[in-house]
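Notes follow once the structure below has been shown.
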Amino acid sequence: MAQRHNSKEIRTSASHHAIRFSEVGKGINWMIFKIMSEFVMGFNFLSKLKKEVSFFGSARVSEDSVHYKEARELARMLNGAGYTVITGGGPGIMEAANRGASEGKGRGLSVGLNIELPSGQRVNPYVQDGVAFDFFFTRKVMLSASAQAYVFFPGGFGTLDEFFEIITLIQTKKINPVKVVLVGKDFWQPLLDWIHEVVYKHHGAVARGDMGLYRLADDIDDAFRMIRGSKEKGFFNQ
């Protein structure tokens, strides 16, 4: 049975306060220290985790979606193999991954790195441990530094942003090479074709080798095999 987590127990960086540009001049020192505290809190939290796999994907998919079911099952398989599953802590694919991880029989955790919004935390009930951030960019850094493998399911601008961010960090050697696995051929194949035909062939904007920084899985079993071949990673390179 899935372990449901009370969102009130998730550690937060501080009580929420929306920052307006008009306030920056008055509270710039406070804001700088708050940003620093979120980085310290985030890296300290991540440093205690082992065998992490991060999931990305749309927050809009419903429970009866094929991709929701695939993310849930893949996370369950990974948990059984001892992996910790990390998500953004929200609904959709994130919920599916946390749900599958919480249902697994292994020692891995179901972790959420969620965001504090003016209306409160948007955390799904299957997160077993996690931290909450006030700033999107500090959370984004933590998600980019958090795992030895990254799994991308179909998603919107946020998912695509994270995908290209990870690929850029690997391409520029700011992080060591990690497994980047794409699940959902119906979604990813057209984008990969566009990168190959337009970005690479027509414009020469990327190198041929750059297209080897990610892999499109045939199914979740194929994705699982790719992830099993990954190695523990450290944080960013200097």
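For the reader, a short list of remarks on this structure follows.
- Computed [θ] at 222 nm, helices only, for the chain once each DSSP H run of length n ≥ 4 contributes -39500 (n - 2.57): -13000 deg cm²/dmol
- Taking 31 Å as the limit for the C-alpha separation, the pairs 34/185; 174/201; 48/185; 48/174 exceed it in the case of 34/185; 48/185.
- As a rough guide to protection, the peptides 37-50, 171-184, 122-135 ranked by mean Cβ packing within 10 Å, highest first, stand as 122-135, 171-184, 37-50.
- Amide H partners (placed H, <5 Å) of residue 180, local residues excluded: 150, 215
- Share, in percent, of DSSP beta bridges within the chain that are antiparallel, nearest 5: 10
- Mean Cβ neighbour count within 10 Å, used as a protection proxy, ranking 54-65, 88-99 highest first: 88-99, 54-65
- Computed extension length for residue 202-residue 66: 45.5 nm, one decimal, from 0.36 nm per residue of separation with the Cα-Cα distance subtracted.
Values quoted throughout were computed directly from the atomic coordinates according to the rules given, and no laboratory measurement underlies them. Every value quoted in this text rests on a predicted model; they were computed, and no experiment measured them. Using ideal geometry, Cβ is built from the backbone for each residue, glycine included, and neighbour counts are taken over all protein chains shown.
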